[in-house]
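Below: the structure, in structure tokens.
The values are calculated or read from the model by the stated rules, or taken from the named source; none is laboratory data. Everything numeric in this text was worked out from a predicted model, so none of it was measured. Here the Cβ is made from the backbone with ideal geometry for all residues, glycine too, and neighbour counts use every protein chain on show.
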RNA sequence: CGGGGAUUGGCGCAGUUGGCUAGCGCGCGCGGUUUGGGACCGCGAGGUCGUAGGUUCGAGUCCUAUAUCCCCGACCA
């Protein structure tokens with residue numbers, strides 16, 4: 001991509017009342033457009049990052065046997081009445097609408113019910129289990145207060161997976177697989193070090209659930225971290241019996257503000273019972289399916305990454321999710337410089353690297369500032385000064401380190 | 001949902017006790033000089049002041065209602 005061709009522009013100043021760092025940087029750099037409180041538009045650069053995050057999650061879900069589906073946004077009232085969750089008194093985040101014939105419909109704030117209602121028609125026997133289905137779908141939630149930029153919105157994309165097992169033991173086995181997959185995901189997303197497997201309250205269905213909490217000042221949670229074990233305890237379950245159970249010592253814990261980037265929990269048979277979602281076992285007996293639910297919010301993750309890794313200059317993307325790996329900054333209008341930049345740009349693209357070239361006729365300072373703001377992992381400068389040199393001047397966005405590399409070395413760096 | 005703050009060209013802001021054709025910076029267009037950390041000069045386009053109503057000779061400025069946005073809290077099953 002050439003910056004001159006991008007449909008978006010950067011801006012020097014952040015929007016007036018937006019104080020969240022992620023919103024300020026993402027809007028300034030042209031990744032997202034804010035349409036209303038808690039409602040964001042994804043611009044090309046932002047869409048690329050989101051897609052990269054989604055692809056990592058998809059890889060890991062597929063690797064443990066998840067099968068991708070897409071549920072609908074329009075939700076039938078009857079499906080939700082079975083679990084008594086159509087009532088606005090019980091679920092206060094519903095957006096609802098009415099068809100022309102008067103039929104009421106809900107706009108999906110979750111897809112748990114619909115998943116059960118769908119797969120009970122495909123799962124009948126112990127031979128059909130275990131299975132898991134997942135999706136990337138928008139959730140619409142009538143939040144009383146949207147906040148923190150893209151971290152708490154009224155419309156957001158979510159990866160939600162549901163597992164179906166014969167027994168608690170079989171369920172537990174899959175639950176553990178998901179845990180491992182989640183840890184791999186956050187590692188690949190570049191926030192593995194600062195993301196903690198966290199014990200949290202189990203909601204209505206189990207004593208405990210597990211969250212993945214990332215250190216983040218803009219987060220809404222408080223956890224207690226055991227650095228040795230690299231796990232955390234949500235303050236809501238910070239009790240002596242929980243500590244004992246985990247084998248951690250209270251005085252070794254440190255308190256931290258975090259954002260929940262993932263969440264996994266067991267339903268037991270609490271979801272299958274209302275739907276009479278049963279399978280026939282080896283003895284011909286009917287048994288309720290044992291279920292689990294596993295969420296990750298890709299957009300929230302993106303916000304957390306910006307919050308967590310951004311600096312005074314702008315965004316710093318981890319390599320696996322950056323919209324482009326390399327930012328070529330050509331300085332000046334000199335024909336030889338343009339030709340050289342064009343040469344590297346085409347060379348790297350045909351070698352399969354993702355590259356953005358700032359080919360605009362603007363000042364050096366503006367280009368440097370924009371490169372820092374947009375946050376690609378590496379930047380290479382092409383100028384009169386560098387053109388005669390054998391080496392390229394490569395700057396690492398994260399550390400500020402400047403390397404002198406030849407083309408092969410540059411390719412090696414980008415291939416990492 | 002409770003409390004606080006805000007709304008004036010695309011963006012960021014100023015606008016005094018009500019007073020004349022509502023200003024500034026950025027951005028944008030044209031011309032020129034520039035080109036290693038958001039360069040500079042000149043010219044130019046662009047707003048009716050969130051919306052509705054009211055007070056007044058006169059309202060961006062005062063009053064009432066309302067919408068939207070931000071922050072704190074509650075909520076986040």
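May I ask you to verify whether residue A:182 is more than 15 Å from RNA strand B (Cβ to nearest atom), under 30 Å from residue A:25 (Cα atoms), at pLDDT 95 or above and not in a loop (DSSP other than H, G, I, E, B)? In short, yes. Before we move on, is residue A:92 more than 23 Å from the chain's Cα centre (by Cα), free of Cβ contacts under 8 Å to residues at least 12 places away in the same chain, part of a loop (DSSP other than H, G, I, E, B) and assigned by TED's automatic domain parsing to the domain that holds residue A:180? So residue A:92 does not fit the description; no. Before we move on, is residue A:284 part of a loop (DSSP other than H, G, I, E, B), at pLDDT 95 or above and assigned by TED's automatic domain parsing to the domain that holds residue A:139? Considered against the rule, which asks whether it is part of a loop (DSSP other than H, G, I, E, B), at pLDDT 95 or above and assigned by TED's automatic domain parsing to the domain that holds residue A:139, residue A:284 comes out as yes. Remark: pairs (first residue in the stretch A:1-12, in contact (Cβ under 8 Å) with a residue 24 or more places away in the chain; second residue part of a loop (DSSP other than H, G, I, E, B) and loosely packed, with under 11 Cβ neighbours inside 10 Å; Cβ separation under 9 Å; 6+ apart in sequence or on different chains) = A:4/A:361. Within the stretch A:58-87, the set of residues being assigned to a helix (DSSP H, G or I) and more than 19 Å from residue A:301 (Cβ to Cβ) comprises A:77, A:78, A:79, A:80, A:81. Checked against (1) touching a helix residue (DSSP H, G or I) at 6+ places or on another chain (Cβ under 7 Å); (2) more than 30 Å from residue A:173 (Cβ to Cβ); (3) away from RNA strand B (no atom under 13 Å from the Cβ); (4) touching a residue at least 12 places away in the same chain (Cβ under 8 Å), residue A:305 meets all criteria but (1). If the condition is being closer than 15 Å to residue A:11 by Cα, touching a residue at least 60 places away in the same chain (Cβ under 8 Å) and assigned to a helix (DSSP H, G or I), then the stretch A:22-57 contributes A:22, A:23, A:24, A:25, A:26, A:28, A:45. Residue count for the stretch A:364-390, restricted to those that are more than 19 Å from residue A:332 (Cβ to Cβ) and not in a helix (DSSP H, G or I): 5. Of everything in the stretch A:356-390 that is away from RNA strand B (no atom under 13 Å from the Cβ) and touching a residue at least 60 places away in the same chain (Cβ under 8 Å), the residue that is nearest to the chain's Cα centre (by Cα) is A:377.
Are any of the residues in the stretch A:270-279 outside the structural domain of residue A:12 (by TED's automatic domain parsing), in contact with a helix residue (DSSP H, G or I) (Cβ under 8 Å, 6 or more places away or on another chain) and outside any loop (DSSP other than H, G, I, E, B)? Before you say what the answer is, go through the steps one by one.
Going residue by residue through the stretch A:270-279, those that are outside the structural domain of residue A:12 (by TED's automatic domain parsing) are none.
No, the stretch A:270-279 contains no residue that is outside the structural domain of residue A:12 (by TED's automatic domain parsing), in contact with a helix residue (DSSP H, G or I) (Cβ under 8 Å, 6 or more places away or on another chain) and outside any loop (DSSP other than H, G, I, E, B).
Taking the stretch A:1-21 as the range and being surrounded by 18 or more Cβ atoms within 10 Å (Cβ to Cβ) and part of a helix (DSSP H, G or I) as the test, the residues that pass are A:3, A:21. For the stretch A:208-236, residues that are touching a strand residue (DSSP E or B) at 6+ places or on another chain (Cβ under 8 Å), surrounded by fewer than 20 Cβ atoms within 10 Å (Cβ to Cβ) and either free of Cβ contacts under 8 Å to residues at least 12 places away in the same chain or not in a strand (DSSP E or B) (or both) total 6. Residues in the stretch A:391-402: is at least one more than 11 Å from residue A:331 (Cβ to Cβ), touching a strand residue (DSSP E or B) at 6+ places or on another chain (Cβ under 6 Å) and either touching a residue at least 24 places away in the same chain (Cβ under 8 Å) or outside the structural domain of residue A:340 (by TED's automatic domain parsing) (or both)? Yes, some residue in the stretch A:391-402 is more than 11 Å from residue A:331 (Cβ to Cβ), touching a strand residue (DSSP E or B) at 6+ places or on another chain (Cβ under 6 Å) and either touching a residue at least 24 places away in the same chain (Cβ under 8 Å) or outside the structural domain of residue A:340 (by TED's automatic domain parsing) (or both).
Among the residues of the stretch A:311-355, the one identified as within 11 Å of RNA strand B (Cβ to nearest atom), closer than 17 Å to residue A:9 by Cα and in a loop (DSSP other than H, G, I, E, B) is A:313.
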